[in-house]
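See structure below.
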Amino acid sequence: AGEARTQNYYHYGDYEVSMKPSANAGTASTFFVCTGPYDTKFVLDENGNYVLDENGQRKTVANAHDEIDIEFLGKDTTHVQFNFFVDGKGGNEYMYDLGFDASQAFHTYGFRWAEDSITWFVDGKPVYKVTTDASVTTGENLKHVEKLPSTPGRMLTNYWCGNERAWGWMGEY
């Protein structure tokens, strides 16, 4: 397994990667933005000053688990899985049929993260969108949701293999 992650945190914007995922069952090749309780941020007062704890140290609070994913399961690289988490709640997986085997050549995958929507792209073409805006009624592969990620996170790309608990999802390694 291997992973690269940014030190900085990123928020709404456009993100993309050129990648050729691995075609090995039991593995995942991913690109995502993520934060969670393992990341902390400083608490600021109404004037933007650091709040200190009883020991005079800068007070911190844990981030919510927010995440936006592009995931390739090595057992079938003709599909890409898009997903997101809001405050630790997932269950938003969507499998998109690429119409080609992604493991055969580099392609560009990305997402546009806005306050009211996330749109995923393949080779510059929008292929799936989730939105909280009920007035949006047209578009390919459109889904309305109640809440979207809103906490800035680190950008990550990784490659990993699963264990017995993940074999039903990603195949046996």
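The values are calculated or read from the model by the stated rules, or taken from the named source; none is laboratory data. If you're wondering where the values come from, they're calculated on a predicted model, not measured in any experiment. So basically every Cβ, Gly included, is an ideal-geometry build from the backbone, and we count neighbours across all protein chains shown. Accessible surface is based on the protein model in full, side chains and every heavy atom, while ligands, DNA and RNA are left aside. Shrake-Rupley method; radii C 1.70, N 1.55, O 1.52, S 1.80 Å.
To the nearest µm²/s, what D does Stokes-Einstein give for the stretch 42-86 at 20 °C and 1.002 mPa s, using the Kirkwood radius over alpha carbon pairs as Rh?
In µm²/s, the coefficient rounds to 152.
From Cα pairs below 8 angstrom and at least 6 apart in sequence, can you work out the relative contact order of the stretch 1-136, rounded to a whole percent?
Normalised by residue count, the contact order of the stretch 1-136 is 24 percent.
Could you work out which residue, out of N55, N24, N83, moves most in a Gaussian network model of the chain, that is, has the largest mean-square fluctuation with Cα springs under 10 Å?
N55
Which is farthest toward the positive dipole end of the stretch 59-101 among M95, A64, Q81, measuring Cα position about the Cα centre, with Cβ charges +1 (Lys, Arg) and -1 (Asp, Glu)?
The residue sitting farthest along the positive end of the dipole is A64.
Placing unit charges on C-beta atoms (Lys and Arg positive, Asp and Glu negative, everything else neutral), compute the dipole magnitude of the chain about its Cα centre in debye, rounded to 20.
So the dipole magnitude of the chain works out to roughly 220 debye.
Students often get this wrong, so check it: of K89/K129; K41/K143; K75/K125; K20/K143; K20/K75, which have C-alpha atoms separated by over 20 Å?
K41/K143; K75/K125; K20/K143
About its Cα centre, what dipole magnitude does the stretch 126-173 give when the only charges are +1 on Lys and Arg Cβ and -1 on Asp and Glu Cβ, stated in debye to the nearest 20?
Here the size comes out at about 160 debye.
What number does the stretch 1-110 give for Rg over Rh if you use C-alpha atoms and the Kirkwood radius?
Ratio of gyration radius to Kirkwood radius for the stretch 1-110: 1.11.
Report for the chain the percent antiparallel among DSSP-assigned beta bridges with both residues inside it, nearest 5.
Roughly 95 percent of the DSSP beta bridges within the chain come out antiparallel.
Gain in length, N163 to Y94, computed as 0.36 nm per residue apart minus the alpha-carbon separation, to one decimal in nm?
22.6 nm
Could you please report the charge total around L156, scoring K, R as +1 and D, E as -1 over all other residues with beta-carbon less than 11 angstrom from its beta-carbon?
-1
Which value, in Å³ per residue, describes the convex hull spanned by the Cα atoms of the stretch 1-46?
Taking the convex hull of the Cα positions in the stretch 1-46, it is 126 Å³ per residue.
Please tell me the relative contact order of the stretch 82-160 in percent, rounded to the nearest whole number, where contacts are Cα pairs under 8 Å and at least six residues apart.
22 percent
Could you tell me the calculated FRET efficiency between V51 and S18, based on Cβ-Cβ distance and R0 = 35 angstrom, to the nearest 0.05?
0.25
Please compute the per residue accessible area over the stretch 1-126 with all protein chains in place, 1.4 Å probe, rounded to a whole number of Å².
Roughly 54 Å² per residue, with all protein chains present.
Once Lys and Arg get +1 and Asp and Glu get -1 on their Cβ, which of V145, T30, T40 lies farthest toward the positive end of the dipole of the chain?
Farthest along the dipole direction, towards plus: T30.
Rank-order 111-119, 1-9 by packing density, defined as the average count of other C-beta atoms within 10 Å over each peptide's residues, highest first.
111-119, 1-9
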